[in-house]
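Written out below as structure tokens is the structure these notes cover.
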Amino acid sequence: MRRKLAAGNWKMNGLAASVDEITALAGMVSDTTVEVLICPPATLVHRASSAADGTPVMIGGQDCHIAESGAHTGDVSAEMLVDAGAAYVIVGHSERRADHGETDAMVAAKADAAERAGLGAIICVGETEAQRDAGDTLAIVETQLSNSVPEGVSVETTVIAYEPVWAIGTGRTPTLEQIAEVHDFLRATLAARFGEDAANGMRLLYGGSVKPSNAAEIFAVSNVDGALVGGASLKAADFGAIVEALNEAD
Ligand code: PEP
């Protein structure tokens, strides 16, 4: 049985006072059976971890370097995230692929680094609008999945997030049929590579303009095990409502 996961990505938002949202969220989700994760900017990981200590809310990073330490000015390693209290890290978000030229191979190396450090990795895949319009969605996510998920990953700690680039931060979402098509395809593709049991153990998150008003219908889609949420994760009330919708989904 896959445990559902609601993951929030704060992106480059949040100052020290924002940690109060985590405290508020913790108060809202104390009875939930789903995993709840907030990935604040690196500057807040330690502070957020302290605030979330002893609550169901876990804290994660938004990216990590492939190396454990060294001459990489401005970067943060997976080991450093663990040291600061993180349990997960997002790798291969489309904003990092676009802004930092991250390739599938780099994303796979980051997922490896996360596993080595004991962090769960949320590996993101998803097509652009032009790729969807060209009918290439499944081919694109298949390639990203094949090349961004390393060999020998642990089923329990590796999570795949399907995030259509055109749905991120736009208020637009795919139809439920389109989400189902991609998630079913991801599950089948993982099964072909890692075997049925491993594939059935991996969580598949949907990401892209999830909000309290559309969460329940998205969580009812087959092979959707939770969500990766950007904008709506910044406020405890919104994210708490999304967690609640996930908790109530079958
Ligand atoms: C994201 O950045 O991963 C995301 C899904 O953003 P939003 O929910 O704001 O579309």
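Within this structure, Ile22 passes the test of being part of a helix (DSSP H, G or I), among the β-branched types (Val, Ile, Thr) and in contact (Cβ under 8 Å) with a residue 60 or more places away in the chain.
The residues of segment 1-24 that are under 23 Å from Asn247 (Cα atoms) and either of a type in the set (S, T, N, Q) or within 16 Å of the ligand (Cβ to nearest atom) (or both), listed by number, are Leu5, Ala6, Ala7, Gly8, Asn9, Trp10, Glu21, Thr23. Within segment 81-103, residues that are farther than 26 Å from Pro56 by Cα sit with their Cβ atoms under 7 Å from residues that are of a type outside the set (Lys, Arg) and open to solvent by less than 60 Å² (accessible area, probe 1.4 Å), at 6+ positions apart or across chains, in these pairs: Ser94/Cys124; Ser94/Gly126; Ser94/Glu163; Ser94/Val165; Ser94/Ile168; Arg96/Asp63; Arg96/Glu102; Glu102/Gly92.
Within segment 42-131, which helices (runs of 4 or more DSSP H) (wholly inside it) include 1 or more residues that are farther than 18 Å from Leu228 by Cα and touching a Lys or Arg at 6+ places or on another chain (Cβ under 9 Å)? Result: 78-83, 104-117.
Within segment 138-156, can you find the residues that are within 16 Å of Asp197 (Cα to Cα) and open to solvent by less than 50 Å² (accessible area, probe 1.4 Å)? Spell out the reasoning first.
Going residue by residue through segment 138-156, those that are within 16 Å of Asp197 (Cα to Cα) are 151-156.
Val153, Ser154, Val155 - these are the residues of segment 138-156 that are within 16 Å of Asp197 (Cα to Cα) and open to solvent by less than 50 Å² (accessible area, probe 1.4 Å).
Identify all residues within segment 141-190 that are within 15 Å of the ligand (Cβ to nearest atom) and without any contact (Cβ under 8 Å) to a residue 24 or more places away in the chain; write none if there are none. If the condition is that a residue be within 15 Å of the ligand (Cβ to nearest atom) and without any contact (Cβ under 8 Å) to a residue 24 or more places away in the chain, then no residue fits.
The values are calculated or read from the model by the stated rules, or taken from the named source; none is laboratory data. As the structure is a prediction and not an experimental result, all values here were calculated from the model. Cβ sites come from the backbone with ideal geometry, for glycine too, and all protein chains shown count toward neighbours. Ligands, DNA and RNA are excluded from the accessible area calculation, which covers all protein heavy atoms including side chains. Shrake-Rupley method; radii C 1.70, N 1.55, O 1.52, S 1.80 Å.
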